[in-house]
Every structure is written in structure tokens, then in C-alpha cells.
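Below: the structure, in C-alpha cells.
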Amino acid sequence: MPEILQIVVYGIVLGCIISLGAIGVSLIFGILRFAHFAHGDLMTVGAYFALFGVAVIGLPMPIVFPLAMIACALVAAGIDRILYRPLRRASPIIMLISSVGTALMLRSLVQILWGPDNKIYQAGIELPISLLGLKIKPTQVTIVLGALALVVLLHLFLHRTKMGKAMRALSDNMDLARISGINTERVIFWTWVIAAMLAAAGGIFLGMDTRLNPIMGWRILLPVFAAAILGGIGSFYGAIVGGLVIGIVQELSTLFLSPAYKPAVAFAIMVVMLIVRPRGIFGGKE
Amino acid sequence: MELAGLLSYLVFFLTMAGIYGILALGLNVQWGYTGQINIGVAAFFAVGAYTSAILTTAPSPDHLGGFGLPFLIGILGGMLIAGLLALIVGLITQNLRTDYLAIASIGIAEIVRLFLKNEGWLTNGVRGIPSIPKPLSGLLDNGDALLYLLIILAFVALIYLGMQRLFHSPWVRVLRAIRANEEAVHAAGKNVLRFRVEAFVVGSMIMGIGGALYAHFTTFISPGAFDPMFGTFLVWVMLIAGGSGNNRGALLGAVVIWAVWSGTEMFTSQLPEAFVTRASALRIFLIGLLLEIILITRPQGLLPEKPPKLRHGDEDQASS
């Protein structure tokens, strides 16, 4: 039993990381109506920005963290401006294909600049703390608390600020929101900023939890999509729940399945969900 | 010597362009005609290659078989198993929306990749399958590559002609109608789901043939050769650059993009030693950039799609 609980702890940590990606995918889908295939690689970019701050400039992680988020937001807003905006009038499917190209460009850029090898933020072994018979690493506590804080901030943003409300309105009913005078392009800009900041946070956490490499984001894209679909695509809270479910189930699957097939588990959950309840647990967008 | 080197490079170039042309023709049935997004091309490519390899190699303790069967049986097997996989995937995913299919297809590609890598009893894992026979080998002195190119070109011609014939058939008209307006096709009494599954299976079978031909060309395959993103991505760029929905465009795109891809290799090989490991990343970046430029400036591709002409009497043949 403690073994299973231990695995659940790993699952929660992974789930937090997946959730941060899934919220972004969900927001983008809600506003722009396309599945953003470059989201995983945006996470990679965020993680490597942080690596640049920590390893090259030599700043401490707490300072680097928000800076990397902002840098990643600028990258995403720039990509949207240059690559996606000219395609807005075409079908969302064309934007999806464009984002596949973006994904590859981002990943190869990371590889050109940092090389294909594994990197870490900090050398050395972390001593786990014992808590109720469970072994928990300080990094894991940081990840869960950090993700929680970001989610609370996002909740406040979506409910207390005018931009947040505009975003929700646009996601709920595009035409109605337009008629009531919401500036769509500004909302889209902020959608990218927020989605990319969360992606960067998720990417950095992923790098802290495991290691950094150029393909890390692409590898986690499938679980991220699965989480967004599970929670009901377009639904913010659904994405969080979806992320946690996918994370925990993926880790638990190692009890009876070769760990090599972990990504297949996310896929299986996603397919079953799409067949049984295509709108997700929380009834997302059509 | 110089000339011989150039000639043998040309043969290699055309062989690879031909194989990619077949993949692009397969994707054209799915994306070009029907509007399905399959980001798992590499999966069907790999399944075709592995099936044919296992069927045609000499018996080996390292992997399943080999069964030592003739080349054409291998190709047929590659086609059928790729089609079978597509049928299973299609039945599960075809009532999903296009973008969900796209997401599901990367899942398929990932699972196939993991399967090939981890199921050593079947595929010999990362060590791969060596000594896959090349047909017509030894018939001509130093002519193996050239003869194989002729085989590839024969397959390209066969599949192209088949696709062209199909393009003017009621079947493709229904697929194109589904792409344009699914509800209307449904309202017209067509079984949309069935047509979509059929298109997905036919496209994947063609990709399976491409994979099988590739296996016999390189004579050695391992999971590394079927990187899901890269293999898939190049085919997509080819089809979009050439002209989605146009078979001639698919082939032209394969030749042009393969030329660009090979050209960037010449360019990156000029780079200093220290950059060699990163050169492949640079090439992928440039191809990605090319795709973005095409999507923005010429989304219809080099040879835009031309709707098939309606011939007299065709209306009566169209059946669900």
C-alpha cells in the first residue's frame, strides 16, 4: 500500500506538470479553435530559457523562473503574430498544420543552440524527506506548490480582471463577445501570453523533475492533449483535473505494464474518453 | 569516376524521391481528398517496412520469421498489415473531429514506435533487421541500384495511375464532398463514416507499400529510421508544397522537397566540425520554415487541386 501511495505521489507531480500544459492547450483551443501542436515544444523553450538564466548567467532559480515565463510568452506572441495570424482566415486545420511546423522549428532551434544532450539545472543528489512513510523530494514539493500557486493566480485573473472576463466570454461565445465590443486580437495576445507562461512553468518543472533535452516537450505533448480532452477541451478546471488523472494513471500503469509504454496509457485513456464522452468530464467545447 | 559518382547519386536521389512520392500519394488520399489529418504517416511507413522485412528475410533467431518469401509477397504483406492497422485505428477514430484525429494519430505513431523498439521477439528491438533481400540483385554488374530504381518507378507509375483513375471515380467525389461539407453528404444518404474509414485505409495501404519498398532499398531497418515526427513531417511538407489534392502535385512535391532536403545536407556538410551534430537540427528548422512560408504565401501548393470533371452518366453510378 505505501508503494502505491508513493507512485501516486509521483503521479501528482507529473500531473501538475501536465496540467500546466493542458490549461494552455485548452485556453488556445477555446479562443482560437485549433489544437496547438507546438505547445509541448513551447514548454521545452521555457525550460531552456531557465537553463540559460541558471547555467549561463548564473542567476538563482527563483529569479530566473518568472523571467523565463515572460521570455516564453514573448516567443509565443511573436510566433502568433508572424506565423498564425496570417492564417486566421483560413480554416483552423491549416493553423494546426502550421503549428506542427512551428513545433519542429522550436525543437530544432533548441537543439542548434544547446545541442541534443541531456542537461540538468543543478548537479547533485537531493535527499528525500520522509513524510507519513512516503519519500518526497523537495523539488517535488516545489513543483506541486508552484503549480497550485499558478492555478490560483490564473483563477483570479480569469474572474477578477476585465481581460480575464473577456477571455472567458470569447471562449463561450465568439460572436456574442465580438458584438459586445471585445477586441479579439488583444484577447488572443493575452491568451498566448498566459498559455506560454504556464507552458514555460510546466517545462521548467519537468526539467527539474527529470532532465532537459530538446525532445522533452514533444514527448509530453500527447499526455497534455489527453488531459485537455479528458477535462473537456476549452475548460480550464477540466484541464487541471485531466492532467492529474493522466499523471496518476500513467504512473500507476507501471505496476502492471512496462514503463516503456507509459505514453500509450495517456493515449488509451484519451481514446476511450473520446468514444464514451467526447465532450470530456466537464463538458467542454464542441 | 566523377560521372559514375554523380550517376549513382542520381539513382539514390530518384529512388528516395520515388519512395517519398508514394508516401505523399497515400497521404493525398487522406488529407488531399478527404481532409483527414494523419500525423502518424511514419507509423504506417514503419509497419509496411517491418512486415515486408519479416516476410522476406531468411529465418533468424533474432526476430519473428523470417519466412524467406518472395519480394512481391513482402510488398503485399506490408500493404495489408498497414491497411489492417489503419482499419482498426480508423474504426476507433473516424467519427472524431479532424483535430482529434490528428491528436490520436500522433498517439498511434508513438505506440507503433514504442512497440517496434520494445518487442524484440518480433522486431529485434533497437538492433533492427539486417540483410533484407533486394530484388533483381546480381542480375547486372553494379546495376543493383539502377534495377531497383526501375522497380520503384514502376510502383510509382502504377500507384499514380491508380490514383488518377480513382480521382475521377464517384468514390473520390464523395470523399471530396465529405471534406467540403460532411453534413450535406450525410443528408444525401451517404455513409460518411464508411467512406472516411475506407479513405484512411487506402491511404495507409499505399504508405505501407512505400515502407516495404524502403526496407528492400536500404536492406537494413531499425526503429531509428522511422522517427515519427521527421518521417511524417517531410511527407506533409511534400504534399502541401506540391499541391494537396493533386496527385501530380504530390509527386512533384516529393521530388522538389527531397531535392531541397538533400541540398541542405550539402550545405550543412560544409559547416565546421563542431556544428556537424547540430546540422541535422538546422536542416529540420529550414524545412519547417519552408512549410510556414508555403502555408502563408502559397497554401494551394505548386500544382493546385483541380476538381475532377464530371462526365456524362457519372451521376447514375455514384452509390453509397
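Throughout, read-outs are computed from the coordinates displayed, never taken from laboratory work. Just so it is clear, the model here is predicted, and its values are computed rather than measured. Here the Cβ positions follow ideal geometry from the backbone for every residue, glycine too, while neighbour counts run over all protein chains shown.
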**Message:** Around B:Gly211, under 14 Å between beta carbons, what's the net of Lys plus Arg minus Asp minus Glu among the other residues?
**Reply:** 0
**Asked** In a GNM of chain B with a 10 Å cut-off on Cα contacts, which of B:Ala145, B:Ala49, B:Ala184 has the highest mean-square fluctuation?
**Response** B:Ala184
**Item:** Computed over chain B: relative contact order in percent, which uses C-alpha pairs under 8 Å that are six or more apart
**Value:** 30
**Message:** If every alpha-carbon in region B:227-307 counts as one equal scatterer, what log10 I(q)/I(0) does Debye give at q = 0.18, 0.20, 0.24 1/Å?
**Reply:** -0.73, -0.85, -1.08
**Complete:** If one builds a Gaussian network model of chain A from Cα atoms under 10 Å apart, the most fluctuating residue listed among A:Leu14, A:Leu131, A:Leu145 is A:Leu131
**Message:** Taking 51 Å as R0, compute the FRET efficiency from the Cβ-Cβ separation of A:Gln122 and B:Lys309 and round it to 0.05.
**Reply:** 0.15
**Request:** Would you please give the residues with an amide H less than 5 Å from that of B:Ile221, counting only those at least 5 places away or on a separate chain, with H modeled from the backbone geometry?
**Result:** B:Ile129
**Of the chymotrypsin sites (Phe, Trp or Tyr not before Pro) in region A:233-284, those whose Cβ has at most 13 other Cβ within 10 Å and which sit in DSSP loop** = A:Phe256
**Fill in**
So for R0 = 45 Å, FRET eff. of A:Leu132-A:Ile70 from the Cβ-Cβ r, to 0.05, ends up at 0.75
**Item:** Net +/- balance of residues flanking A:Met208 in space, Cβ distance below 13 Å, scoring K and R +1, D and E -1
**Value:** +1
**Fill in**
The size of the Cβ-based charge dipole (Lys, Arg +1; Asp, Glu -1) of region B:227-307 about the Cα centre, to the nearest 20 debye, is 220
**Message:** Can you classify the protein assembly as shown as rounded, prolate or oblate using the Cα gyration tensor, where a ≥ b ≥ c are the square roots of its eigenvalues, rounded means a/c under 1.5, and otherwise it's prolate if a/b beats b/c and oblate if not?
**Reply:** prolate
**Prompt:** In whole Hz, what ³J(HN,Hα) sequence does region B:89-105 give by Karplus (6.51, -1.76, 1.60; θ = phi - 60°), x for Gly and Pro?
**Reply:** 4, x, 4, 6, 10, 6, 8, 8, 5, 4, 6, 5, 4, 4, 5, 4, 5
**Prompt:** Suppose R0 equals 45 Å; then what is the FRET efficiency for A:Ala169 and A:Ile63 from their Cβ-Cβ distance, rounded to the nearest 0.05?
**Reply:** 0.80
**Asked** According to a simple spin-label model (label point 7 Å from Cα along Cα-to-Cβ), what is the distance in nm between A:Ala149 and B:Trp121?
**Response** 5.1
**Request:** Using only Cα atoms, locate the centre of region B:231-264 and the centre of region A:123-172, then give the distance between them in Å, rounded to an integer.
**Result:** 43
**Prompt:** Placing +1 at every Lys and Arg Cβ and -1 at every Asp and Glu Cβ, with all other atoms neutral, what dipole size does region B:26-225 have around its Cα centre, in debye to the nearest 20?
**Reply:** 460
**Request:** Under a 10 Å cutoff between Cα atoms, tell me which one of B:Leu158, B:Leu252, B:Leu91 has the largest fluctuation in the Gaussian network model of chain B.
**Result:** B:Leu158
